[in-house]
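Here's the structure we're looking at; comments come further down.
The values are calculated or read from the model by the stated rules, or taken from the named source; none is laboratory data. These numbers come from a predicted model, not from an experiment. Methodologically, a virtual Cβ is constructed for each residue, glycine included, from the backbone with ideal geometry; neighbour enumeration extends over all protein chains shown. What goes into the accessible areas is simple: the full protein's heavy atoms, side chains included, and nothing from ligands, DNA or RNA. Shrake-Rupley method; radii C 1.70, N 1.55, O 1.52, S 1.80 Å.
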Amino acid sequence: MTDFVFLGPSLPAGEAAALHPAARILPPVGHGDLLRLGPGPDDRVLIVDGFFMHRPPVRHREILLLLERGVTVAGSSSMGALRAAELCAYGMRGVGDVFELYRDGVVTGDHEVAVVHGLGEDGYRSLSEPLVNIRIAVRAALRARAIGPEEGELLLAAAAEIPFRLLTWRSLALRAGAAMDRLRPWLRDHPIDAKADDARRLLRAAASGDPVLRPAGPGDTPIEHVHTTYLEGWRSRYEQRDDVTERELLVALRVLHPGFAALHRARVLARFTGARPDDPGLEELALRTAERLGRSVPVPDGSWLTADEADLPPAEATLRLLVRSLGAAETRQISPVMVPPELRRDDVLATARQAVTTAKAIQANLTRRQGRPARFRTEVVDAVLADRWGCDPAGLTAAAWDRGFRDLDQLRELAGFLIGYLRVLRPPWFPPIKPLEVVHR
């Protein structure tokens, strides 16, 4: 069992390691990090801090996926407290005062825990004061009768008016005046850092085997409908096997496999008609379906057909329109379902995976030699891809559409890591597949 702790400005990493020596301390969590981590059912993920602005935050479905897989997930202090309050019904565990404030609806906005902090090299040191710390300090001072209710309300109202980037005890004193003068002596003798205290409580609970950190189970709301198109797209981008993501695998098949365009065409038309990709009457059925739905020719000028294709027979023009428009509609979230069924074979995928591994190694070597990320000029990228597909660079847009890319820009972005590979090595040999029977016109 491994405890993974996502930690940043709430508590120094050294103190966290002292509290829980067996834990693996990681930077604040962001979108994709949990999928990239891939913890097992016996592992625990402890979220203290997470990114809000500089990177997209961790998504709820990423956490739900881990809970569904039996991973124990708990949070405190900052992003961890926020997500734990939102997902505690489904079995994410929360620890500490900040979690309880969110869970009970006393605070709701993520700005309550947001801070400006330094870089990782600086230990993510906080450069501002989170509003929730001030809220809890004022609550404690009220209980101790160090300040009165009116002063407490004034302090909280003043703190709420200050943008989180500028919120410090000093900036609060400039706004709250006499109320802060009353609070300051008590605060000096009773310093409060609620986020740090909650992080310590979470780490101590994990180190001691506290049963509060238990997996989701009886008494928790069953987790359903997690596997959306968005989640599968995120998984394809971040989850790795042998350091290769599903997205890289799909891009390699699209670019490198000589039969991908024909297989993609059949798969898209099969989804459109409800038939099988290897149905010999698939294209005729697609044309009849398109006519019934009012999607036959004339094709809107400039939509999915190039100038060179203006004189295509109407039937072929309609089929290309269907394949390109429907295929491109999938590309917002690239996922394994876009791999044609004929290519979902272990030997084909192993060949593609090896090509990706080699391509990434070549890319890394070029980066080391250049001292910066290796990038090829656009005209070089286009020439290499056009040569691979046996077309003129001017026809690259159509060739990209026919392989499921949204446009030329997406092709260049996603296939960039393959360019160095294609310049120095021959494309891989893929195991033969049974060819599809296609109606030619």
Considering only region 227-234, I want to know if a residue exists there that is over 31 Å from the mean Cα position of the chain (by Cα) and of a type outside the set (Asp, Glu). no
Pick from region 222-244 the residues that are more than 24 Å from residue 1 (Cα to Cα) and in a helix (DSSP H, G or I): which of them is most open to solvent (accessible area, probe 1.4 Å)? 237
Pair list, Cβ < 8 Å and 6+ apart or interchain, from region 10-24 residues that are of a type in the set (A, V, I, L, M, F, W, C) to residues that are open to solvent by 60 Å² or more (accessible area, probe 1.4 Å): 19/204
Can you pull out every residue in region 96-121 that is surrounded by fewer than 12 Cβ atoms within 10 Å (Cβ to Cβ), within 24 Å of the chain's Cα centre (by Cα) and not in a helix (DSSP H, G or I)? 108, 119
Condition check for residue 163: of a type outside the set (A, V, I, L, M) and under 18 Å from residue 96 (Cβ atoms): no
Just the residues that are open to solvent by 60 Å² or more (accessible area, probe 1.4 Å), outside any loop (DSSP other than H, G, I, E, B) and either touching a residue at least 24 places away in the same chain (Cβ under 8 Å) or basic (Lys, Arg) (or both), please, taken from region 366-386. 368, 369, 378
How do the strands (runs of 3 or more DSSP E) wholly within region 1-56 filter down when requiring 1 or more residues that are of a type in the set (Phe, Trp, Tyr) and at pLDDT below 95: which remain? none
Is at least one residue of region 59-76 more than 21 Å from residue 231 (Cα to Cα), in contact (Cβ under 8 Å) with a residue 40 or more places away in the chain and open to solvent by less than 20 Å² (accessible area, probe 1.4 Å)? yes
Would you confirm whether any residue within region 206-221 is surrounded by 19 or more Cβ atoms within 10 Å (Cβ to Cβ) and modelled with pLDDT of 90 or more? yes
By my count, helices (runs of 4 or more DSSP H) wholly in region 168-209 with at least 2 residues that are touching a strand residue (DSSP E or B) at 6+ places or on another chain (Cβ under 6 Å) are 194-208
Test residue 247 against the stated conditions and say whether it is open to solvent by 40 Å² or more (accessible area, probe 1.4 Å), touching a Lys or Arg at 6+ places or on another chain (Cβ under 9 Å), in contact (Cβ under 8 Å) with a residue 60 or more places away in the chain and of a type in the set (D, E, K, R). yes
Filter region 11-43 down to residues that are touching a strand residue (DSSP E or B) at 6+ places or on another chain (Cβ under 8 Å) and at negative phi, then give me how many there are. 19
Yes or no: region 187-198 includes at least one residue that is open to solvent by less than 40 Å² (accessible area, probe 1.4 Å) and more than 36 Å from the chain's Cα centre (by Cα). yes
Within region 396-417, take every residue that is of a type outside the set (A, V, I, L, M, F, W, C) and either in contact (Cβ under 8 Å) with a residue 40 or more places away in the chain or touching a His at 6+ places or on another chain (Cβ under 7 Å) (or both) and give me the one that is surrounded by the most Cβ atoms within 10 Å (Cβ to Cβ). 404
Within region 418-439, is there a residue that is within 28 Å of the chain's Cα centre (by Cα), crowded, with 18+ Cβ neighbours inside 10 Å, in contact (Cβ under 8 Å) with a residue 60 or more places away in the chain and farther than 30 Å from residue 304 by Cα? no
What pairs come up if the first residue lies in region 304-315 and is farther than 17 Å from residue 408 by Cα, the second is of a type outside the set (Asp, Glu) and assigned to a helix (DSSP H, G or I), and their beta carbons are under 6 Å apart, counting only those six or more places apart or on different chains? 315/287
Which residue, of 196, 140, 178, is under 30 Å from residue 55 (Cα atoms), small (Gly, Ala, Ser) and in contact with a helix residue (DSSP H, G or I) (Cβ under 9 Å, 6 or more places away or on another chain)? 196
Does any residue of region 147-158 turn out to be surrounded by fewer than 19 Cβ atoms within 10 Å (Cβ to Cβ) and closer than 30 Å to residue 37 by Cβ? no
Let me confirm something: among 207, 216, which residue is more than 18 Å from residue 36 (Cβ to Cβ) and in contact with a Gly (Cβ under 7 Å, 6 or more places away or on another chain)? 216
Taking the condition of being surrounded by 18 or more Cβ atoms within 10 Å (Cβ to Cβ) and either over 24 Å from residue 200 (Cα atoms) or more than 16 Å from the chain's Cα centre (by Cα) (or both), how many residues in region 48-58 meet it? 2
From the list 124, 90, which one is open to solvent by 40 Å² or more (accessible area, probe 1.4 Å) and under 18 Å from residue 199 (Cβ atoms)? 124
